[in-house]
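Every number here is computed from the coordinates shown, using simple stated rules; none is lab data. Source: prediction; values computed, not measured. A quick note on method: Cβ atoms are made from the backbone with ideal geometry, for glycine too, and the neighbour counts reach across all protein chains shown.
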Amino acid sequence: MADHLKSLRMGLIAGCNRTLINSLLDELLNEKILTNREVDDIDEGIKECSKKMQVLVDTVWKKGKKSSLIMIQTILKRDPMLKGLTLNVNSNKDNPDPGSSPYMIYSILSREKRTRLALIICNVHFTHLDKRSGAKHDVDGMEKLLEGLGYRVRTRTNLTAEDMLETINSFAREKEHETSDSTFLVFSSHGLKDVICGTDTEVTKNENSGQEEVKNVLPVDKIFHILNNQNCPALRDKPKAIIIQACRGHDNGKVWVNDSALPSVVQENLEADSMRKIQRESDFICFYSTTPDTVSVRDPQNGSLFILRLIEHMKNDAYRYSVEKIFRNVQLSFKDQVQMPTLERTTLLKKFYLFPGQ
């Protein structure tokens, strides 16, 4: 049982909260597994919640089988959300090896001090493109999800390409990022491959070449450029999740199918930082609703299938799995279907856990 508790170490660190730790300390003190000195050292001598749990687990498993069993039973009794973790540890491949350092997980700030922000941009009505019926459900669902995870959500709807760019720039300049530990940006619109459509996007056919020409779009590369380490130092070394619900190509040669399609645009060249050597782009994870050149399915009554499944998996698994693992599970749920969500430009340097409840 001591080895079992030890094997749960990183999962418990990822899913811990202050209420659970306080309960464990009280129970283990009552059972005479911990001494008053040990409880004081953990409770008062350590500030970070994850570090408290790390030391607590390490202290208890070394005391043997009985102590470890009581701690596991207390966890099951006090926090049912961790039941799946403690009873089915072998299926949780996402947790690092028991000996891994907890510092390979992005740290979080205390709820009292942090000012997490998230941005949602959703375009429904367009001047030249089809209305995206059902997209409002994407907004409502993502707002509730992110607010439940402790983010103050900025929501903007029906923006031109230029307005989208300015909104992202303004979001990157928010002072709250300085006291935040992560951010989410969610985009829901028409699109193709490497661009997202604004409400003013136009597509015309060149009479001479027969090729489609596009005006007024937001290159996805611009989002990364605005939020990179050079241009957004307030979010440097902090995980930045970008979620994009949009088509990336044609379906059977038809134009504007589902969330529509546009020809790709050339990404702009980024200049190097001549003042100080830093990694220009890191700590990103981008989750696209579909692979390049394919459509993305949207139900006019319920919203986008990708967003619906993402919300479902986040609600069910955020307490035990990292964001990367959750995104991979969403991918698996689309096996053999018309679209396949894809992770792109992922540069996370640590595990990104959401720690709901903390």
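Listed by Cβ neighbour count within 10 Å, with the fewest neighbours leading, 284, 327 appear as 284, 327. I'd like the distance between the alpha-carbon centres of the range 1-63 and the range 126-183, rounded to an integer number of Å. Spelled out, the Cα-based centre of one part sits 39 Å from the other.
From the square roots a ≥ b ≥ c of the eigenvalues of the alpha-carbon gyration tensor of the range 117-344, which class results: rounded (a/c under 1.5), prolate (a/b over b/c), or oblate?
It comes out oblate by the Cα gyration axes.
Note that the range 281-320 shows a convex hull volume over its alpha carbon atoms of 93 Å³ per residue. Give the calculated FRET efficiency between residue 308 and residue 30 to the nearest 0.05, with a Förster radius of 41 Å applied to their Cβ-Cβ distance. It comes out at approximately 0.35. For the peptides 305-312, 202-209, 58-65, 183-190, residues were scored by their other Cβ atoms within 10 Å and the scores averaged per peptide; the highest-first order is 183-190, 305-312, 58-65, 202-209. Is any residue of the range 1-29 close enough, with backbone N under 14 Å, to a label point placed 7 angstrom from the Cα of residue 65 along the Cα-Cβ axis, and if so, which? Counting only backbone N, you get 1-5.
Each principal axis of the Cα cloud of the range 140-213 was taken in turn, and the coordinate range along them, longest first, works out to 54, 26, 19 Å.
Can you tell me how much longer the chain between residue 173 and residue 3 gets when fully stretched, taken as 0.36 nm per residue apart minus their C-alpha distance, in nm with one decimal?
Between residue 173 and residue 3, full extension yields an extra 56.4 nm.
As a rough footprinting exposure proxy, the listed residues 175, 240 were ranked by other beta carbons within 10 Å of their own, and the order from fewest upward is 175, 240. Each of 193, 113, 51 has some number of other Cβ atoms within 10 Å of its Cβ, and from fewest to most they run 113, 51, 193.
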